[in-house]
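See below for the structure under consideration.
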Amino acid sequence: FSVEQPQISDGKIVSDQQVILGGGVGYVTERFRLVTLVTNGQKILRLVTNRFDVSANEVADMYQARWQIELFFKHLKQNLTIKQLYSKSEQGAVNQVILTLIATLLTYLVKIELNTKASLFQLKRAFHYLRFEPETCWLDRYRSSG
């Protein structure tokens, strides 16, 4: 089932269709919306949604916004060592991200102050293992490796 409703805006939206997913015995009876667009890199992107209350351009904008959020969390996981969120609430997640950013920036300041070649990851690991030792232990260790 397909109803073509082309909404070409800025040359990005190629088609906006109502579709039923699947075929044969395993078909789904609900209708979905298939928005097809061409990205700036000239790749065809097909978005399936159940949102019929917004325009095709808004569907594309929502996808782009969601993609930016996904990239942000990927960056957090890779660079700020957030492997999991400890809270299910929005405020808890925000607090964890802010605390991790503060810890990372403080570690970066220590790296600058010590003028060391050690990576942020190496410094964080040292802080973890030497946390009950006097500060001179890790300061001397990384000043000498500078």
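Structural remarks
- Label-zone membership for the stretch 113-129, site residue 81, 7 angstrom Cα→C-beta point, backbone N under 15 Å: 118-129
- The Rg/Rh ratio for the stretch 53-112 is 1.15, where Rg is the radius of gyration of the alpha carbons and Rh is the Kirkwood radius.
- Highest-fluctuation residue, 32, 132, 52 considered, GNM on the chain with Cα pairs under 10 Å: 132
- In the stretch 55-115, the trypsin sites (Lys or Arg not before Pro) that fall in loop regions by DSSP, at most 14 other Cβ within 10 Å: 83, 88
- Remark: relative contact order (the stretch 49-146) = 18 percent; criterion is Cα-Cα distance under 8 angstrom and separation of 6 or more residues.
- GNM top mover of 29, 49, 107 - the chain, alpha-carbon springs below 10 Å: 29
- Helix screen, the chain: DSSP H segments with Cα axial length of 24 Å or more and mean Kyte-Doolittle hydropathy at least -1.0 are 56-79, 90-114.
- Translational diffusion coefficient of the stretch 21-129 (Stokes-Einstein, Kirkwood radius from Cα pairs, 4 °C, 1.567 mPa s): 72 µm²/s.
- Solvent-accessible area, 1.4 Å probe, carbon plus sulfur percent, for the stretch 25-134: 58
- Percentage, to the nearest whole number, of Cα pairs in the stretch 81-145 over 14 Å apart: 62
The values are calculated or read from the model by the stated rules, or taken from the named source; none is laboratory data. From a predicted model like this one, the values you see are computed outputs, not experimental measurements. Neighbour counts run over all protein chains shown; Cβ positions are idealised from the backbone, glycine included. All accessible areas refer to the heavy atoms of the entire protein, side chains included, with ligands and DNA or RNA removed. Shrake-Rupley method; radii C 1.70, N 1.55, O 1.52, S 1.80 Å.
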